[in-house]
Amino acid sequence: AQSVTQPDIHITVSEGASLELRCNYSYGATPYLFWYVQSPGQGLQLLLKYFSGDTLVQGIKGFEAEFKRSQSSFNLRKPSVHWSDAAEYFCAVGAGGFQKLVFGTGTRLLVSP
Amino acid sequence: GAVVSQHPSWVICKSGTSVKIECRSLDFQATTMFWYRQFPKQSLMLMATSNEGSKATYEQGVEKDKFLINHASLTLSTLTVTSAHPEDSSFYICSALGGASGETQYFGPGTRLLVL
């Protein structure tokens, strides 16, 4: 069965510092991978997605993610974090094609001044 | 583009009453929509897949008679929580399948339900 692991429950980063959020997946075929962000009390906003092609994908708000098949990973990165980036970040893999999403447990990002 | 709305954004109701939540794709048509439930500080759990013009497909453990889903048009799906009880209190989020090849889920802002 498909699964997604986000090993970090919380991460605190200083404003202006770089960020990397980890995501590992388990899926038998070529995965469809997504990163979503959720602000408190809000729905999810799509940051970026990977289906095929270039393994480094660019998203909104200055985020990027790199697909590494050998490591079954799809880590999210940002070179310089802003206070407004504080939120919950979810990695997801499309199961059954992309009709269903299996979500990781999320990583809460805290940004310190 | 790809905006999904939900109404209401929050609702408080008495135990035993029914509550209807609407999910609309505002600028695209969605033959498939999804309903999720999210408990505090937890991830999203898929409840059901809603397909326009057909019956919803429920995930294992989800009571289809309690959570009625109707997808009557290409832009609207509704979730009705029937005979709500306090344990149904949660954050309900819908998504609509869109994108160039219908491959991306776009999420609504969520509905917070509190059953007293």
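The requirement of being in contact with a Gly (Cβ under 7 Å, 6 or more places away or on another chain), modelled with pLDDT of 90 or more and under 23 Å from B:MET47 (Cβ atoms) is satisfied by A:CYS91. Among the numbered conditions (1) without any contact (Cβ under 8 Å) to a residue 60 or more places away in the chain; (2) within 29 Å of B:ARG112 (Cβ to Cβ), the only one that A:PHE34 does not meet is (1). Check off (1) in contact with a Leu (Cβ under 7 Å, 6 or more places away or on another chain); (2) more than 12 Å from chain A (Cβ to nearest Cβ); (3) among the polar types (S, T, N, Q); (4) under 23 Å from B:CYS13 (Cα atoms) for B:GLN29 and give me the number that stays unchecked. The single condition B:GLN29 does not satisfy is (4). Taken over the stretch A:8-34, the criterion of being surrounded by 18 or more Cβ atoms within 10 Å (Cβ to Cβ) and within 12 Å of another protein chain (Cβ to nearest Cβ) is satisfied by A:TYR32, A:LEU33, A:PHE34.
Exactly one residue out of B:SER73, B:SER50, B:SER101 is at pLDDT below 95, more than 11 Å from chain A (Cβ to nearest Cβ) and under 27 Å from A:VAL4 (Cβ atoms), and it is B:SER50. Within the stretch B:76-98, the set of residues being more than 14 Å from chain A (Cβ to nearest Cβ) and of a type in the set (Val, Ile, Thr) comprises B:THR78, B:THR80, B:VAL81, B:THR82. Quick one: B:CYS23 ticks every box in (1) farther than 19 Å from A:VAL37 by Cα; (2) within 11 Å of chain A (Cβ to nearest Cβ); (3) more than 14 Å from the chain's Cα centre (by Cα) bar one, so which box is it? Condition (3) is where B:CYS23 drops out. Residues considered: A:GLY94, A:GLY53. Of these, the only one that is among the small types (Gly, Ala, Ser), under 22 Å from B:GLY102 (Cβ atoms) and either within 9 Å of chain B (Cβ to nearest Cβ) or part of a strand (DSSP E or B) (or both) is A:GLY94.
Let me confirm something: among B:LYS41, B:LYS55, which residue is within 26 Å of A:PRO40 (Cα to Cα), part of a loop (DSSP other than H, G, I, E, B) and at pLDDT below 90? Quick ask: steps written out before the conclusion?
Working: B:LYS55 fails: within 26 Å of A:PRO40 (Cα to Cα).
B:LYS41 is the lone residue from the list that is within 26 Å of A:PRO40 (Cα to Cα), part of a loop (DSSP other than H, G, I, E, B) and at pLDDT below 90.
If the condition is being assigned to a strand (DSSP E or B), surrounded by fewer than 21 Cβ atoms within 10 Å (Cβ to Cβ) and among the hydroxyl-bearing types (Ser, Thr, Tyr), then the stretch A:58-91 contributes only A:SER73.
Take the residues in the stretch A:67-86 that are small (Gly, Ala, Ser), without any contact (Cβ under 8 Å) to a residue 60 or more places away in the chain and on the phi < 0 side of the Ramachandran plot; name whichever of them is nearest to the other protein chains (Cβ to nearest Cβ). So, considering only residues that are small (Gly, Ala, Ser), without any contact (Cβ under 8 Å) to a residue 60 or more places away in the chain and on the phi < 0 side of the Ramachandran plot, the one nearest to the other protein chains (Cβ to nearest Cβ) is A:ALA86.
What number of residues in the stretch B:61-89 are in a strand (DSSP E or B) and either touching a residue at least 60 places away in the same chain (Cβ under 8 Å) or surrounded by fewer than 19 Cβ atoms within 10 Å (Cβ to Cβ) (or both)? Spell out the reasoning first.
Applying the first criterion (in a strand (DSSP E or B)) to the stretch B:61-89 yields B:67-73, B:76-81.
This time we only want the ones that are either touching a residue at least 60 places away in the same chain (Cβ under 8 Å) or surrounded by fewer than 19 Cβ atoms within 10 Å (Cβ to Cβ) (or both), so: B:68, B:70, B:72-73, B:76, B:80-81.
Within the stretch B:61-89, residues that are in a strand (DSSP E or B) and either touching a residue at least 60 places away in the same chain (Cβ under 8 Å) or surrounded by fewer than 19 Cβ atoms within 10 Å (Cβ to Cβ) (or both) number 7.
State which residue is farthest from A:GLY41 (Cα to Cα) when the search covers only the stretch B:90-116 and only residues that are part of a loop (DSSP other than H, G, I, E, B) and of a type outside the set (A, V, I, L, M). Once the filter is applied, the top-ranked residue is B:SER101.
Give me the residue from the stretch A:5-50 that is in a strand (DSSP E or B) and of a type in the set (Phe, Trp, Tyr) and, out of that set, modelled with the lowest pLDDT. Reasoning before the result, please.
From the stretch A:5-50, those in a strand (DSSP E or B) are A:5, A:10-14, A:19-21, A:24-26, A:32-38, A:44-50; that's our starting set.
Now restrict to residues that are of a type in the set (Phe, Trp, Tyr): A:25, A:32, A:34-36, A:50.
On the way: A:TYR25: 94, A:TYR32: 89, A:PHE34: 94, A:TRP35: 97, A:TYR36: 96, A:TYR50: 92.
Within the stretch A:5-50, the match that is modelled with the lowest pLDDT is A:TYR32.
The values are calculated or read from the model by the stated rules, or taken from the named source; none is laboratory data. Just so we're clear, the structure is a prediction, and the values are computed from it rather than from any experiment. Methodologically, a virtual Cβ is constructed for each residue, glycine included, from the backbone with ideal geometry; neighbour enumeration extends over all protein chains shown.
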